[in-house]
Amino acid sequence: MRPRPQAQQRHRRSTPRQCSAAALLCLAVFGCAEQESPAPASGRPIVLIVVDTLRADHLGSYGYPRPTSPAFDRWARGGALFERALATSSWTLPSFASIYTGLYPRQHGAGDRLDQEEWGVTGLDPELPVLAEILSEAGYVTGALANNPFLHEKFGVARGFADYRWHLGTNEVIRRADKTVDLALEWVDARAGAPFFLLVHFFDPHMDYDPPVGHRGRFTGSYRGKLPFPVTDAAKIKLGWIPLDDADRAYVTGSYDEEVAFTDEQLGRLLQGLEERGLMGEALVILTSDHGEELFERGSFEHGHSKYQELLHVPLVIWGEDVKPGRIDTPVSIVDLFPSVLEAAGLPVPEGGVGISLLPAATGRGRPPERPILADGTLHGRRKHALIRWPWKAVAVPAQEETLLFNLEEDPGEQRNLADRHPERLRAMLAEFEAISPPRSREGPAAEIDAGVREQLEALGYATPPAADGPVASPGGVPDPGSAPPSPDHSKR
Ligand SMILES: [Zn+2]
C-alpha cells in the first residue's frame, strides 16, 4: 500500500496557501511546472462505479437466485465484497453527496426539502470539500459520466469534475449502460498514463423499467396482464392507483431484474475493458449504488420514501492489486468511500468526517471497526432517521413521533417492530443518532434548477409537492411511517 500522509486538514476547502504548497510538491516530484494544480501523492488511477437504484439482494453474490448478475458475481470473487454496505439515504442526491463528502445527509445538507408544501430541495454546500475537487487540486484529471437529473450541476454535485458529462435522465431518454461504457473506456484511453479519477454512473435499473432487446422478457416472458411494456407510472403504482395482483407485481419485479441483468452485462464490459488496459490491478476500482428499490415488500414501490433495507442495503466491492479477495460482513457505509479514495490517492482526509477508510479491510489488514451506521434524507413524506448497530436497527420519524426497532439478524425482512419490547435500547440508539449527526447550523443552498431539469424531475414523478402523510399499507403488518408518495397528478405518465 502507498503510505498515507500523517498531516490532516480540517473539513473545509483548501486555502490558496495550501494549494500553493502542494504546487511546489508537484514541481519537485513530477516536474509539472506549467500546471497550476499540484500532483497527487500517489497518482493511482481511481474508478468509481455507481449503479443507480441497485439493491444488493437482487445480485447473485448477495444471495439472489435469479441469474441477474453473472458478470458482477465473476468479478466480485476477485475483489473485496462488503456484505453489509448501507446507503446513507434512500434517494440519489443525499447519497451521492455522502459519497463525495464523507458526511451523512444531515451533515452535508444536500437534498433537504425546502418546504413541506412546495417542491424544492437544497444542493450541496459549496463550502464543503468534495472528493473530485480534492483530487483535482492534487493534480488528478477528473471526469464523470452522470445520468440522473439529481446529478445535474445545479445541485452542486459536479464541483471538482473537469469533464462532467451529464445526460438527460428522464424515463424516456436515458444514456443506456452500453453507451456509458463506450464513453468511459474512450475517456480512459484519452487519459492513458495520467492520474485520473472517473465516476461512471449507470441509470438503467431506475424507473422506467425498459430493458433492451436481449434481456427483455427473460424474467417476464409469460406475462399477459394489464401493465404495459415498458413499466411506467412509478407514482401511480406507488400510490396504489393502479391495482396490482401477484402477476402484475411479479412482472414489475422481473422487469427491474431485466434492467439489472442488462446493466450487469455492460458492467462486465467495463471491467473487462479496464482489465485489458491493466487497470484492474493498478487502479482502485469501486462499485456501489446510491440506494435500492422497494418492490412491494411493504405494499409500496420505488424509492425515496422509507429506510427499510430494500432501499438501504447496496452492493459494495473494491478491486485493486493490493486487495485481498474475500467477503467482509462488518456493516459499512458509502460515507466510507470518501476516506477510502483519498487514502488510495495518498492524500490526507479532512477532519470532521464520519467515514473510515475501507482499504485496511479490503487489503486484509484488519476488519472495519464495529460502529453505528446512519441513514437519513427522505424525498417523499416526513423525514426519517435510521441507525444500525448490528443486528439492531432503529428508525424514527421525528415529525410524527413514530419509532421502529428491528433485529436484522432474526428478522431481515423488518416485519416485527420491537420498539415496545426494548424501549431503552431504542431510546439509546436514537440519542446516538442525534449525537453523531446533529442538525446543521445552517441550511444548504437552494438548488435553482432550470425548466429543463425540472421537466425531467416531473417526468420521473419527483418534482411534486409532498402529499399528506399517512402510513402505507404493509402486507407484513409494519406500516411505512410517515410515508407520502408524490401525487400522480404531477407525473407525466
Ligand atoms: Zn438514485
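Any read-out appearing in this document is the output of simple, stated calculations on the displayed coordinates, not a laboratory observation. Note that the coordinates shown come from a computational prediction; the quantities given were computed from them, not determined experimentally. Cβ coordinates were reconstructed from backbone atoms using ideal geometry, including for glycine residues, and neighbour counts include every protein chain displayed.
What the table below lists for this structure:
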quantity	calculated
Reachable lysines, given that their alpha-carbon falls under 23 Å from the alpha-carbon of residue 154 and they are not under 8 places away in the same chain	492
Aspartates and glutamates whose Cα lies under 13 Å from that of residue 226, excluding same-chain neighbours fewer than 8 positions away	245, 246, 248
Interchain or long-range residues, amide H under 5 Å from residue 293's placed H	55
Distance between the stretch 256-300 and the stretch 305-329 - C-alpha centres, whole angstrom	12
Hits among lysines - C-alpha to C-alpha of residue 384 under 19 Å, sequence gap 8 or more where chains match	238, 307, 393
Whole-Hz ³J(HN,Hα) from phi, Karplus 6.51 cos²θ - 1.76 cosθ + 1.60, for the stretch 295-303, glycine and proline x	10, 6, 3, 10, x, 10, 7, 6, 8
Amide H contacts under 5 Å for residue 332, placed H, 5+ residues apart	84, 85, 86
Efficiency of FRET from Cβ geometry, residue 390 and residue 183, R₀ 41 Å, rounded to 0.05	0.60
Selection of chymotrypsin sites (Phe, Trp or Tyr not before Pro), the stretch 225-319, meeting DSSP coil and at most 16 other Cβ within 10 Å	241
Stokes-Einstein D in µm²/s, Kirkwood radius over Cα pairs - the stretch 43-371 at 10 °C with 1.306 mPa s viscosity	80
In range of the label at residue 436: residues from the stretch 334-369 whose backbone nitrogen is under 13 Å from the point 7 Å along Cα→Cβ	334-336, 354-356, 369
